[in-house]
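Derivation of every value follows stated rules applied to the coordinates shown; laboratory data play no part. Quick caveat, the model's predicted, so the values are computed rather than measured. Cβ placement follows ideal geometry from the backbone for every residue including glycine, while neighbour counts extend to all protein chains displayed.
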Amino acid sequence: MGACIASVAGYYPHGPRNFAADKLAAMQFRKLGASGISVSEISLGSWLTYSGGVARERARACVEAAFDAGINFIDTANVYGRGAAESLLGEVLAAHQRSSYVLATKLYFPMSQSDRGLSAAQVHKQIDASLARLRTDYVDLYQCHRYDEQTPLEETMGALTEVVQAGKARHIGFSEWPLEKIEASLAIPGAARWVSSQPQYSMLWRAPERGLIELCERVQISQIVWSPLAQGVLTGKYRLGEPPPSDSRAASESMGGFIDRLMAPRVLEGVERLRAVAEQADLTMPQLALAWVLRQANVASAIVGASRPEQVHANASASAIELSPEVLRAIDEALEGVVAG
Ligand SMILES: NC(=O)c1ccc[n+]([C@@H]2O[C@H](COP(=O)([O-])OP(=O)(O)OC[C@H]3O[C@@H](n4cnc5c(N)ncnc54)[C@H](OP(=O)(O)O)[C@@H]3O)[C@@H](O)[C@H]2O)c1
């Protein structure tokens, strides 16, 4: 605990802010599906941030802060900045022992006019390109970013299985696949087994509760969830009637393109009501939001983006926090009529 606070203080010349220092606990880990891999409850994503939105040295400081905070799980994708996020991570991670972190990447979205989807040729081409950018021989998790309607499922599963057999990926996962396609993939004989599902999940977006979590629990697939802070909205930084803070995602030309839907007045009103819930529970807003997704045993990790190192520490401090039934009820009341998805 002492060491953890000392390392946080390094980023805060005037002492820790924006999270309860007395709530810092050691990072907890959860098993990733039926694999032997344990991932930190809080992980570090790299979508809009390390694909170019955040300056290189700051991005590097965020990744180093993740290691300091006990985070061992890093998520990226080939399409984030068309290779830029993977290249940045490859450069920074080269200074760390390969066995000290769990690395996940993805394929599916276009890398060029002709390179896209989940055909066997693309699976083999994209894994090799990702490994080269990431400067490693293997990823721990290779994920299909979406389902590919243009490729037979058997072809995709066959190619992913070959990638695992070749030792280029230890395990496979999917992101936002339709339930019936997940079921169909499970029935393909000899195919590598999924260990993870990567859905959007937050207090504001609860779609995975409608069948996905139930299915995955049944077959030992874990959720590793994206945008658990609703791109920052659930931190309470955006206030109704006020311009977004100048250093925030919503104010950023390069990173603000996907946040509008989450900035609707009724959403911000709901988030305002959550402020009192967090205060009552003696938690920060990020802690409340992250502990909420982690209340689900099927969620192995909350993948959080961060534009500065202190955010990484603030978010890591949500590990091991348990929300009482009263707090969970108060969250639902505060967000009544606001939840989407
Ligand atoms: N599978 C998929 O299709 C998919 C889709 C989207 C994302 N993802 C993955 O999930 C990761 C996370 O998603 P995300 O970045 O969209 O959403 P998020 O984690 O909900 O939000 C991250 C943003 O919130 C702000 N923030 C984070 N911690 C904060 C704190 N403690 N206090 C105040 N502000 C804080 C930062 O933005 P500012 O400081 O700039 O305001 C940060 O970039 C991605 O990086 C990616 O790896 C996957």
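Show me the three semi-axes of the equivalent ellipsoid for segment 33-106, from the C-alpha gyration tensor (sqrt of 5 times each eigenvalue), largest first, rounded to whole Å.
Result for segment 33-106: semi-axes of 20, 14, 11 Å.
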With θ set to phi - 60° and the Karplus curve 6.51 cos²θ - 1.76 cosθ + 1.60, what are the ³J(HN,Hα) couplings of segment 326-341 in order, to the nearest whole Hz, using x for Gly and Pro?
5, 5, 4, 5, 5, 5, 4, 5, 5, 9, 4, x, 9, 4, 10, x
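Once the piece of chain linking Asp332 and Gln165 is laid out straight, how much longer is it, given 0.36 nm per residue of separation minus the C-alpha distance between them?
That pair, Asp332 and Gln165, stretches by 55.6 nm at full extension.
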Would you mind calculating the gained length between Ala207 and Asp260 on full extension (0.36 nm times residue separation, minus the Cα-Cα distance), in nm to one decimal?
17.2 nm
Which one, Ile74, Ala61, Gly256, projects farthest toward the positive side of the charge dipole computed for the chain from Cβ point charges (K/R +1, D/E -1)?
Ala61
Grab every C-alpha pair in segment 145-240, bin the distances at 5 angstrom width from 0 up to the longest one, and report whole percents.
2, 12, 21, 21, 16, 11, 7, 4, 3, 1, 0
Suppose we look only past 27 Å in the calculated P(r) of segment 190-341. What percent of the Cα-Cα pairs does that tail hold?
22 percent
Beta bridges per DSSP with both ends in the chain, % antiparallel, nearest 5
15 percent
Alpha-carbon spread of segment 102-189, three principal axes, descending order, Å:
35, 29, 20
If you keep only loop residues by DSSP, which GluC sites (Glu not before Pro) in segment 297-341 have at most 11 other Cβ atoms within 10 Å of their Cβ?
Glu322, Glu336
Residues Glu217 and Ser324, FRET efficiency given R0 of 25 Å [Cβ-Cβ distance, rounded to 0.05]
0.60
Amide H to amide H under 5 Å from Gln200: which residues, 5+ apart in sequence or cross-chain, H placed 1.01 Å off N in plane?
Trp226
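Magnitude of the Cβ-charge dipole of the chain, K/R +1 and D/E -1, about the Cα centre, nearest 20 debye?
Result for the chain is approximately 440 debye, rounded to the nearest 20.
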In the neighbourhood of Trp292 defined by beta carbon distances under 13 Å, the net charge of the other residues (Lys, Arg +1; Asp, Glu -1) is -1
Let me check I have the definition right: for the chain, take the eigenvalues of the Cα gyration tensor, multiply each by 5, take square roots. What are those semi-axes in whole Å, largest first?
31, 23, 19
